[in-house]
Amino acid sequence: MTDKGSIVSNTLTRLEGVNNFTEFVKAFSQFGSEMVDFAHVTEDRQNDLKDERRRAQMSAARTILELSTLILLIASKCYIAMQDAIINAVNNTIDP
């Protein structure tokens, strides 16, 4: 499970460095597929746990991870759209 977590972490680092929407879509697609693999691993781990308390904790962590991924997608799209809007506004003020 740690290997999958580090793979996801590396992809997140790449996602931080995108410069345009096309790069973002490619990086987020990679991130999404790795998150699906990670979700399967954590689900298997959750099912292997015997202690109900630990299973509930793993379930809560998986839910937070899912929601965080959705929030990351929305925030990233907004950030990139805002950058594009700023660039367009600057270009419009420069061009007479």
**Item:** Extreme residue, nearest to residue 85 (Cα to Cα), among residues of the stretch 16-26 that are out of contact with any Ser or Thr (no Cβ under 7 Å at 6 or more places or on another chain) and part of a helix (DSSP H, G or I)
**Value:** 21
**Message:** Restricting to the stretch 26-79, give me the number of residues that are farther than 15 Å from residue 7 by Cβ, more than 11 Å from the chain's Cα centre (by Cα), loosely packed, with under 15 Cβ neighbours inside 10 Å and not small (Gly, Ala, Ser).
**Reply:** 18
**Request:** Scan the stretch 62-91 residue by residue and report those that are over 14 Å from residue 31 (Cα atoms) and among the hydroxyl-bearing types (Ser, Thr, Tyr).
**Result:** 63, 79
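Taken together, the values in this text are just the output of simple stated rules run on the coordinates, not laboratory data. Predicted model only: the values in this text are computed from it and were never measured. In this analysis, Cβ positions are derived from the backbone assuming ideal geometry, glycine residues included, and neighbour counts consider all displayed protein chains.
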